[in-house]
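The values are calculated or read from the model by the stated rules, or taken from the named source; none is laboratory data. Since we're looking at a predicted model, the values are computed, not measured. Neighbour counts are summed over all protein chains in view; Cβ atoms, including those assigned to glycine, are modelled from backbone coordinates with ideal geometry. The area values use the complete protein model at the heavy-atom level, side chains included, leaving out ligands, DNA and RNA. Shrake-Rupley method; radii C 1.70, N 1.55, O 1.52, S 1.80 Å.
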Amino acid sequence: IGRMSWKIYNRFGQKVFETSDRRGGWDGTFKGQLLPVDVYGYTLDVEFTDGQKTRKTGDITLIR
């Protein structure tokens, strides 16, 4: 992986997390506040070192 961008959105389309660090993860918070148990959408854009690009989308269920 050369570059990546991972974004997570709540059900209203508000971005609640973004990172370009492939070792980074989401802790289920937004602005320091715990988010409710829910389903969140994500997009993952990756550019490989050979120049190929791909986008993955899906959902993440936040549980505690």
- the range 2-64 - charge dipole about Cα centre, Lys and Arg +1 at Cβ, Asp and Glu -1, debye rounded to 20: 60
- In nm, what is the difference between 0.36 nm times the number of residues separating residue 39 and residue 57 and their Cα-Cα distance? 5.2 nm
- Message: How large is the accessible surface of residue 16 in square angstrom, using a 1.4 angstrom probe and rounding to the nearest 10?
- Response: 10
- Around residue 15, what is the net charge, scoring Lys/Arg as +1 and Asp/Glu as -1 over all other residues with Cβ under 14 Å from its Cβ? +1
- Message: If I model a spin label at residue 48 and residue 7 as a point 7 Å from the Cα along the Cα→Cβ vector, what separation in nanometres do I get?
- Response: 2.4
- Could you point to the label whose value was computed as Rg and Dmax of the Cα atoms in Å for the structure here, given [x] 16.1, 48; [y] 12.7, 39; [z] 12.4, 34? [y]
- Calculate what fraction, in whole %, of the accessible area of the range 9-64 sits on carbon and sulfur atoms when a 1.4 Å probe is rolled over the protein chains. 49
